[in-house]
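One structure is given here, and the rest of the page talks about it.
The values are calculated or read from the model by the stated rules, or taken from the named source; none is laboratory data. None of the values given here were measured: they were computed from a predicted structure. Using ideal geometry, Cβ is built from the backbone for each residue, glycine included, and neighbour counts are taken over all protein chains shown.
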Amino acid sequence: MSSAKREIVLGVGGGIAAYKACDVLRRLQDLDFSVTVVPTPSSLNFVGSATWEALSGKAVTTQVWENVEEVKHVSLADTAEAIIIAPVTADLLARLAQGRADDLLTNVISASKAPKFLVPAMHPQMWLNETTQENVRVLKSRGFSVMQPDTGRLTGDDSGVGRFPETSEIISNFLEHIGSVQDLKGKKFLISAGGTREAIDPVRYIGNRSSGKQGAAVAAEARNRGASVTLVLANSNLADIAGIECIRVETAQEMHSALKERMSDCDVLVMTAAVADAKPAHLATDKIKKSEFNSIELVSNADILADLSSQARDSQIIVGFAAETTRIEEYGLQKLKSKNLDFIYVNDVSEGAIFSSDSSEGYLLSADGQSTHIAQTSKAKVARVILDNVVSRLSYANG
């Protein structure tokens, strides 16, 4: 689900602490951000393009005049949800305060309306210099967040304020700045995703087009907000997500068993999976010959969501998903009520829409009668809207 990830630009200034930004990049990736590294030309004296390209999996450009046809300064500014620069040198602070745009990074900054988070690192005398402090004040007045450097050992024998902060501290402050707060810390999420398959014979099966992308997006967002997450994933090509327990299943029965076993231990159940409603009454042990393949007798699968919701505690929040092709809100509301859900996200999948896509559009309906239309957007954004509502319901339930 790479293109559904939250896009971040990591700028790197030309200071000795540039090598520490490699760890910042890795930690951002662990949080499922897609990171494009934009170093200043001078920073390549400390960490070269090859390192950034290997770690990020993306091409690295430092000047506006490279790959001009891609108009990088505009495209990166448009797609980035936020920009973090670590480290920021005294020179870079000055150029940003002056509004200069003389390399790719400063051009991106000038063209972007996204939140900007700066991590200065320099010699104590440079940090405490009156001009540097004035540049910091100017940037803060323009909406930049400027992190206070640590105090400690620097280059050579020097010590004092100006040290590059610890990565964990940088990430924590950055997440807070972009509004990715840890409002689900201590909560346990159980999430289903993907599409179940029911075997007809050793070759064929009954399945559906679900990719698992929306469930994976919800899982990543819940993890980013501090939750402990278990993802039960059916027949998906998606890779495991760092920091999330991933249980892979194939059939509806396998999914049902995995979820039921863990249901009592979760605070929130999110059922994004497309579960097959029926399965063949008999599984052929050998491949059915084409001449004999005339009909399939089906039997119903258990309704997993109805079963789990019927046994849920009052304190547990349950979010269902529904894919419809007509009368979207009406059928979604019926499912919400019949299965005693707290929320349901229902979307229109007519003509193959939504499945395997990185974007979605639909309605989030709640048990208290609220209906929120979510216009076409990334599945990551849909996940954030859903979890914002879950947080509100959890606060109300525990208030």
Worksheet, complete the sentence: With the first residue restricted to region 7-23 and required to be in contact (Cβ under 8 Å) with a residue 12 or more places away in the chain, and the second required to be among the charged types (D, E, K, R), Cβ contacts under 7 Å at 6 or more apart or on different chains are GLU7/GLU81; ILE8/GLU81
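The rows are residues; the columns are (1) closer than 27 Å to ASP78 by Cβ; (2) in contact with a Gly (Cβ under 9 Å, 6 or more places away or on another chain).
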| residue | (1), (2) |
| --- | --- |
| LEU105 | yes, yes |
| GLY143 | yes, no |
| PRO149 | no, yes |
| PRO165 | no, no |
Practice prompt. Mind listing just one residue for me: the one in region 220-256 that is of a type in the set (Gly, Ala, Ser) and either in a strand (DSSP E or B) or out of contact with any strand residue (DSSP E or B) (no Cβ under 8 Å at 6 or more places or on another chain) (or both) and, of those, surrounded by the most Cβ atoms within 10 Å (Cβ to Cβ)?
Written response: ALA234
Worksheet item: So which of VAL88, VAL47 ends up being closer than 21 Å to VAL138 by Cβ and of a type in the set (A, V, I, L, M, F, W, C)?
Response: VAL88
Response to the item:
Per the filter on region 158-179, residues out of contact with any Pro (no Cβ under 6 Å at 6 or more places or on another chain), part of a loop (DSSP other than H, G, I, E, B) and farther than 19 Å from TYR19 by Cα are GLY179
Item to complete: From the list SER211, SER236, pick out the single residue that is in contact (Cβ under 8 Å) with a residue 40 or more places away in the chain, in contact with a Leu (Cβ under 8 Å, 6 or more places away or on another chain), polar (S, T, N, Q) and within 30 Å of MET263 (Cβ to Cβ).
Response: SER211
Discussion item. Contact list please: Cβ distance under 6 Å, first residue in region 169-193 and under 17 Å from GLU245 (Cβ atoms), second residue surrounded by fewer than 20 Cβ atoms within 10 Å (Cβ to Cβ) and of a type in the set (D, E, K, R), pairs at least six apart or on different chains.
Written reply: LEU190/ARG262
Worksheet, complete the sentence: Here the residues within region 275-297 that are free of Cβ contacts under 8 Å to residues at least 24 places away in the same chain and closer than 19 Å to THR251 by Cα are ALA281, HIS282, GLU297
Worksheet item: Out of curiosity, is ALA274 touching a strand residue (DSSP E or B) at 6+ places or on another chain (Cβ under 7 Å) and surrounded by 10 or more Cβ atoms within 10 Å (Cβ to Cβ)?
Response: yes
Worksheet item: Quick check: anything in region 370-382 in a strand (DSSP E or B), within 17 Å of MET271 (Cβ to Cβ) and either at pLDDT below 90 or not small (Gly, Ala, Ser) (or both)?
Response: no
Worksheet entry | Leading residue by the ranking (surrounded by the fewest Cβ atoms within 10 Å (Cβ to Cβ)) among those in region 180-210 that are hydroxyl-bearing (Ser, Thr, Tyr) and either part of a helix (DSSP H, G or I) or modelled with pLDDT of 90 or more (or both) | TYR205
